[in-house]
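Worksheet: the structure to be examined is printed underneath.
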Amino acid sequence: MAPKTVIRTDLVDAICQKVDISRTEATELVSQVLGEICEALASGETVKLSGFGIFRVRDKAKRVGRNPKTGIEVPIEPRRSITFQASPVLKTHVNRASSPSLGELKDSELRRRRTP
């Protein structure tokens, strides 16, 4: 069974249920949040969502690539790419969901490290 892809309407539905607002308002809210993130990234800013992760814009220089079939060199123009670094909270949450024993192990390790 293939994993489900969460789409914009899934986010809208979740907001409608949890916040008890209309579907129109939730759609506008999701659009505004995603629009703000897009605008910040387009202007080269880093976007940090606490407890979720960090989106960064990375500038890539012009370079020479190679066609794997023919071996012919092809120039690759400079571009900007987006990277995402998951927060420790998100990583722990994902690991707990896929492997509860691993999550429990991490919790006990964290408690041990915090205790003087």
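What follows is calculated from the coordinates using simple rules that are stated; it is not laboratory data. Everything quoted here is computed from the prediction, not taken from an experiment. Don't worry about glycine lacking a Cβ; one is built from the backbone with ideal geometry, like all the others, and counts go over all protein chains shown.
For the reader, a short list of remarks on this structure follows.
- Three-way shape call for the range 1-42 based on the alpha-carbon gyration tensor, with the a/c threshold at 1.5: oblate
- Local electrostatic count at ALA40 - Lys and Arg +1, Asp and Glu -1, tallied over other residues with Cβ under 12 Å: -1
- Evaluated with a Cβ-only charge set (Lys, Arg +1; Asp, Glu -1), the range 1-42 carries a dipole of roughly 220 debye about its Cα centre, given to the nearest 20.
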